[in-house]
Amino acid sequence: MIPPYKMDEVVERAEEGPVCTETDFDLKIVVPTLKRVIKEHGIKYDPANVVPTDDSLVKDAYEAAYEFFLEVGTYCTTSNRRILFKDDEVKEALASLPGQFEVGQGKDKTTMRHRQVEDVTPPFCLFGPMGQACSEENYVQVVMAYMKEPLADGISSPALDTIDGIPIKVRGASEMLGSVAHTMKVKEAARRIGRPGIFTMSVATAPSDAAQIAASNPQWGKTISDGGFIGALAEMKVDFDLLRKMLFFHHYGHFVSALCGPLLGGFAGGPEGTAIVGIAYHLQGLLVHQAHFQASFPMHMMQSCTTTRDALWATNLTSQSISKYTNIVTFAKGKGAAGPCTDMVLLEAAAHGMAAVSGANLYIFGAARNKYKDRFTPREARMAAEVGHAVARSKMKRSEANAILDEIVKRYEGRIKEAPLGKKIQECYDVKKIRPTAEYVQLYDGVKKQLTDLGIHFMY
């Protein structure tokens, strides 16, 4: 069976479930329950094993997260009610998942799969800068540059922050203009690059539910073979806007992805709690968002990236638990601290790509903490994808991956706090010709040589 399962029941529970204040949910339900399951299941962070190799830890983490989700549920901030599920409902939803989906159209159609730990099948690679703002005048060429990458199976395009020179404001009239233009420009890029049916994800320009609905129009080019992201509110929360998006995407026919970023240092606590919440978010994404696939990015709250040692541990443990004990198609979403055209961001991208050994597909790659306009390029995503493919095709084991990842992280972790901002895409790409500069190619090849020396066997 393909989701959705019980949209009507989700809506009913969001409007009629047990009443609770948000403060009580955070401090009297989430935090103490999380501490208890971590202690009872013996979950312990090991910085020397960024890629966990202990299968008993993976099992314990999943069982702790499952127990946590059943007890905590999901909080709707609009209605101040909890959405709760029973054990048999979770098991039914998990058992109904097919484990793979065909996305895209025509010659560009491809299959997105659930992957096993140490899977030899290369990961599905969703390329894109994850909603970072892109200059309007370069937008089509920048999207074409991502679509031109041979390992890009799908695209999550950057956001527009102006349309015809008008600043785009969330929930303003300008957001509606921007959302429609965004969709048209992405489809123009796909046709011009020769990949008219490539799978595309949500319109980052349009975070509101109304603008997302406006963007999903076949006249603009967005079809039912494309997808939509539905985020979560930290931690374990949704609101009516997110639920309206969920309902519309399913009614329209989109593939739905649940997007979650448990905050390391927030209510999730340390890496142990961040991993548990990350696993639980997958259950929430399946039951509440009714998602076909999911994207997780355990993020260091102070450093605003996913590439710290402890965040990578949480990513790998989350991916392994979901891979081993569910049929959920999961993606690891990556965000680096450094900006483009630096050795550091390429090392961060490579570190993220190693999550392929833990059963993850790859959503790649945000640069410069995902905050700065035009500070992203396809080269960062290319590095993560090449590493992910190499890990799979070389039949790399977790122990081998852990040794390599440990060395990669050592080469940049001391620089995370003061990470270099790097260059804008216009400074390290010939945007008109859709090609990286010689400087960035040379830098890229140099980092790739370092990784080859560490034991990563690239395809070329």
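No value in this document is a laboratory result; all are computed from the given coordinates. Computed from a predicted model, the values in this text were never measured in an experiment. Please note: Cβ atoms are built from the backbone with ideal geometry, for glycine as well, and neighbour counts cover all protein chains shown.
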**OP:** Please work through the chain and write down the cysteines that have no neighbouring cysteine Cβ at a distance under 4.7 Å.
**Re:** CYS20, CYS76, CYS125, CYS134, CYS260, CYS305
Original post:
When all alpha-carbon pairs of the range 150-303 are counted, what percent fall beyond 18 Å?
Top reply: 60 percent
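For the chain, what is the percent of antiparallel DSSP beta bridges, rounded to the nearest 5? Display every interim value, and only then the final one.
Working: 14 of 44 bridges.
Close to 30 percent.
From the gyration tensor of the Cα coordinates in the range 100-454, what semi-axes in whole Å does the equivalent ellipsoid have, largest first, with each one equal to sqrt(5λ)? Please report the intermediate quantities before stating the final value.
Details: eigenvalues 153, 115, 74 Å².
Semi-axis lengths for the range 100-454 are 28, 24, 19 Å.
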Subject >> Solvent-free Debye scattering, log10 I(q)/I(0), computed from the Cα coordinates of the range 1-151 at q = 0.15, 0.16, 0.17, 0.19 Å⁻¹ >> reply: -1.16, -1.18, -1.19, -1.19
**OP:** Can you tell me the relative contact order of the chain? Whole percent, Cα pairs under 8 Å, sequence separation 6 or more.
**Re:** 19 percent
**OP:** Scan around CYS305 for amide H atoms under 5 Å from its own, H built in the peptide plane at 1.01 Å from N, and keep only partners 5 or more places away or cross-chain.
**Re:** HIS300
Original post:
So what's the convex hull volume per residue for the Cα atoms of the range 329-413, in Å³?
Top reply: 82 Å³
**OP:** Please report, to two decimal places, log10 I(q)/I(0) for the range 203-247 at q = 0.15, 0.18, 0.23 Å⁻¹ as given by the Debye formula with identical point scatterers on the Cα atoms and no solvent.
**Re:** -0.40, -0.55, -0.83
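Could you give the DSSP H helices of the chain that reach 27 angstrom or more along their long axis (alpha carbon positions) and whose average Kyte-Doolittle hydropathy is no lower than 0.0? Please list the in-between numbers first.
Values: long enough: 173-193 (31 Å, -0.10).
Helices meeting the criterion: none.
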Subject >> In the range 75-125, trypsin sites (Lys or Arg not before Pro) in a DSSP loop with at most 14 other beta-carbon atoms within 10 Å >> reply: LYS86, LYS109
Subject >> 18 Å Cα-Cα threshold exceeded, pairs from LYS324/LYS410; LYS6/LYS91; LYS109/LYS148 >> reply: LYS324/LYS410
**OP:** Mind computing the radius of gyration and Dmax over the alpha-carbon atoms of the range 141-180? Å is fine for both.
**Re:** 13.0, 37
